[in-house]
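J.: Can you read through this structure? Questions will come right after.
The values are calculated or read from the model by the stated rules, or taken from the named source; none is laboratory data. Quick caveat, the model's predicted, so the values are computed rather than measured. Positions of Cβ are generated from backbone atoms using ideal geometry, with glycine treated the same way; all protein chains shown enter the neighbour counts.
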């Protein structure tokens with residue numbers, strides 16, 4: 001039999017002292033274990049309270065009041081060249097961004113009365129087949145709304161976007177630069193392997209991708225709430241949120257969505273909001289003067305403003321077999337003439353959008369108005385930073401080669 005090894009007693013210490021030290025160490029380990037458990041419970045409780053607060057906040061800001069505009073795609077067919085068609089779409093995108101429009105609907109106001117080419121278009125409802133001019137207008141609107149660093153992922157080379165580089169940029173708040181330190185950013189989910197239990201890696205236009213809380217298919221556009229980086233950590237972490245969260249939490253305008261409708265009736269029936277549009281406004285030279293609407297007298301949750309094409313909303317009504325009314329004014333809560341006593345025989349649609357949205361600023365009142373934006377981190381302008389004259393002169397001398405003037 002093997003002899004059992006006895007513990008060796010260190011010199012200068014009695015067995016009683018050794019036992020007391022062991023008991024003290026054991027007691028210390030138990031105390032540390034209890035402290036860790038208590039700390040874990042406190043953290044879990046704080047996390048639960050935080051999740052509960054966020055859920056209540058999400059519920060509170062679940063649905064802010066929105067403004068939608070509906071524009072006929074046929075207006076592009078009235079332009080004389082591909083460059084002018086593109087520029088016309090750019091004017092509509094600029095107007096929508098300037099007036100903080102939440103949704104742009106491109107509808108077919110001609111229908112099948114005139115046989116024209118059809119194209120495929122992808123939006124939030126899936127792939128649709130629609131009139132070519134409608135698809136081109138929707139594609140350019142989507143392209144301009146998308147942040148520049150995401151465009152190569154979502155917009156491959158296409159003939160509809162051939163002259164998009166000539167357009168004025170929207171310079172929207174969500175078109176963030178790499179230097180902007182804002183709590184929300186738009187991104188695309190990347191096709192990268194992640195550890196089990198981890199979320200997707202998202203490209204948000206920074207030098208490195210952001211680790212998020214949800215695992216999604218690659219190639220999806222998402223809105224990410226950025227978390228402050230831990231001290232000494234270079235990893236970026238964030239949380240995927242809804243598209244409406246940045247505006248509801250900070251008040252900053254976060255772009256528009258684009259929807260294609262194959263006729264005028266689909267503008268109303270395919271509304272993305274739960275209770276539909278509660279205020280609808282049609283624009284026509286046959287409507288009542290817009291000045292007759294009372295100041296801030298029209299309250300709304302989701303307002304819709306419909307603009308006619310070359311022949312007005314009346315022509316769109318005639319081309320829609322789903323609508324059985326004969327008078328276009330019966331489709332709307334308000335049927336208004338945005339500029340009575342106009343000097344020109346016609347007001348172009350892109351001009352009518354600017355005039356109408358300007359006039360309605362004083363007529364409409366939102367039930368759930370977005371809060372005022374007070375945070376920092378958004379680029380205020382795309383212009384170059386100001387420099388003093390000495391810096392400008394110095395940089396000019398450094399760049400220019402003056403030897404040819406000797």
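J.: So which of 308, 297 is in the same structural domain as residue 127 (by TED's automatic domain parsing) and more than 30 Å from residue 74 (Cβ to Cβ)? Show your work before the answer.
T.: Working: 308 fails: more than 30 Å from residue 74 (Cβ to Cβ).
So the residue among 308, 297 that is in the same structural domain as residue 127 (by TED's automatic domain parsing) and more than 30 Å from residue 74 (Cβ to Cβ) is 297.
J.: Something else about it: Could you please find all residues in the stretch 207-224 being more than 20 Å from residue 255 (Cα to Cα) and either touching a helix residue (DSSP H, G or I) at 6+ places or on another chain (Cβ under 6 Å) or touching a residue at least 24 places away in the same chain (Cβ under 8 Å) (or both)?
T.: If we filter the stretch 207-224 for residues that are more than 20 Å from residue 255 (Cα to Cα), which is where we start, we get 207-218.
The answer is 207, 208, 209, 210, 211, 212, 213, 214, 216, 217, 218.
J.: For the stretch 298-325, give me each residue that is touching a helix residue (DSSP H, G or I) at 6+ places or on another chain (Cβ under 7 Å) and modelled with pLDDT of 95 or more. I'd like the intermediate steps shown before the answer.
T.: We begin by selecting, within the stretch 298-325, every residue touching a helix residue (DSSP H, G or I) at 6+ places or on another chain (Cβ under 7 Å); these are 305-310, 313-314, 316-317, 320, 322-323, 325.
305, 306, 307 - these are the residues of the stretch 298-325 that are touching a helix residue (DSSP H, G or I) at 6+ places or on another chain (Cβ under 7 Å) and modelled with pLDDT of 95 or more.
J.: How many residues are farther than 18 Å from residue 75 by Cβ and either surrounded by 14 or more Cβ atoms within 10 Å (Cβ to Cβ) or in contact with a helix residue (DSSP H, G or I) (Cβ under 6 Å, 6 or more places away or on another chain) (or both) when one looks only at the stretch 134-153? Don't jump to the end; show me each part of the working.
T.: First pass over the stretch 134-153, keeping only residues farther than 18 Å from residue 75 by Cβ: 145-153.
Now narrow it down to the ones that are either surrounded by 14 or more Cβ atoms within 10 Å (Cβ to Cβ) or in contact with a helix residue (DSSP H, G or I) (Cβ under 6 Å, 6 or more places away or on another chain) (or both): 145-147, 149-151, 153.
The number of residues fulfilling the criteria is 7.
J.: From the list 252, 210, which one is under 22 Å from the mean Cα position of the chain (by Cα) and closer than 30 Å to residue 107 by Cβ?
T.: Details: 210 fails: closer than 30 Å to residue 107 by Cβ.
None of the other options fit; the residue is 252.
J.: Now for a different question. Give the residue, chosen from 221, 151, 177, that is in the same structural domain as residue 88 (by TED's automatic domain parsing), under 16 Å from the mean Cα position of the chain (by Cα) and under 22 Å from residue 97 (Cβ atoms). Full working, then the answer.
T.: On the way: 221 fails: in the same structural domain as residue 88 (by TED's automatic domain parsing); 177 fails: in the same structural domain as residue 88 (by TED's automatic domain parsing).
On inspection, the qualifying residue turns out to be 151.
J.: Please count how many residues of the stretch 292-316 are buried (at least 23 other Cβ atoms within 10 Å of the Cβ) and over 31 Å from the mean Cα position of the chain (by Cα).
T.: Residues in the stretch 292-316 being buried (at least 23 other Cβ atoms within 10 Å of the Cβ) and over 31 Å from the mean Cα position of the chain (by Cα): 0 in total.
J.: Mind checking whether some residue in the stretch 142-157 is touching a strand residue (DSSP E or B) at 6+ places or on another chain (Cβ under 9 Å) and at pLDDT below 90?
T.: Here is the first cut: in the stretch 142-157, the ones touching a strand residue (DSSP E or B) at 6+ places or on another chain (Cβ under 9 Å) are 142, 145-147, 149-150, 153-154.
Still in the list and also at pLDDT below 90: none.
Within the stretch 142-157, none of the residues are touching a strand residue (DSSP E or B) at 6+ places or on another chain (Cβ under 9 Å) and at pLDDT below 90.
J.: Is there a residue in the stretch 225-243 that is in contact with a strand residue (DSSP E or B) (Cβ under 8 Å, 6 or more places away or on another chain), within 22 Å of residue 69 (Cβ to Cβ) and not assigned by TED's automatic domain parsing to the domain that holds residue 321? Write out each step before concluding.
T.: In the first step, residues of the stretch 225-243 are kept if they are in contact with a strand residue (DSSP E or B) (Cβ under 8 Å, 6 or more places away or on another chain); the result is 225-227, 229, 235-243.
Retained after the next criterion (residues that are within 22 Å of residue 69 (Cβ to Cβ)): 242-243.
Still in the list and also not assigned by TED's automatic domain parsing to the domain that holds residue 321: 242-243.
Looking for residues that are in contact with a strand residue (DSSP E or B) (Cβ under 8 Å, 6 or more places away or on another chain), within 22 Å of residue 69 (Cβ to Cβ) and not assigned by TED's automatic domain parsing to the domain that holds residue 321, one finds at least one in the stretch 225-243, hence yes.
J.: Another question, then. Would you mention how many residues in the stretch 64-109 are surrounded by 19 or more Cβ atoms within 10 Å (Cβ to Cβ) and more than 16 Å from residue 349 (Cβ to Cβ)?
T.: Matching residues across the stretch 64-109 total 6.
J.: Could you tell me whether residue 6 is at pLDDT 90 or above and out of contact with any strand residue (DSSP E or B) (no Cβ under 9 Å at 6 or more places or on another chain)?
T.: Numbers: at pLDDT 90 or above: no; out of contact with any strand residue (DSSP E or B) (no Cβ under 9 Å at 6 or more places or on another chain): yes.
No; evaluated as a whole, the condition is false for this residue.
J.: Here is a further query. Can you confirm whether the stretch 370-390 contains a residue that is in contact with a helix residue (DSSP H, G or I) (Cβ under 8 Å, 6 or more places away or on another chain), buried (at least 16 other Cβ atoms within 10 Å of the Cβ) and modelled with pLDDT of 70 or more?
T.: yes
J.: Within the stretch 170-185, can one find any residue that is within 28 Å of residue 262 (Cα to Cα) and touching a helix residue (DSSP H, G or I) at 6+ places or on another chain (Cβ under 9 Å)? Let's see the steps before the verdict.
T.: Taking the stretch 170-185 and keeping what is within 28 Å of residue 262 (Cα to Cα), we get 170.
Subset that is touching a helix residue (DSSP H, G or I) at 6+ places or on another chain (Cβ under 9 Å): 170.
Yes; the residues of the stretch 170-185 include at least one that is within 28 Å of residue 262 (Cα to Cα) and touching a helix residue (DSSP H, G or I) at 6+ places or on another chain (Cβ under 9 Å).
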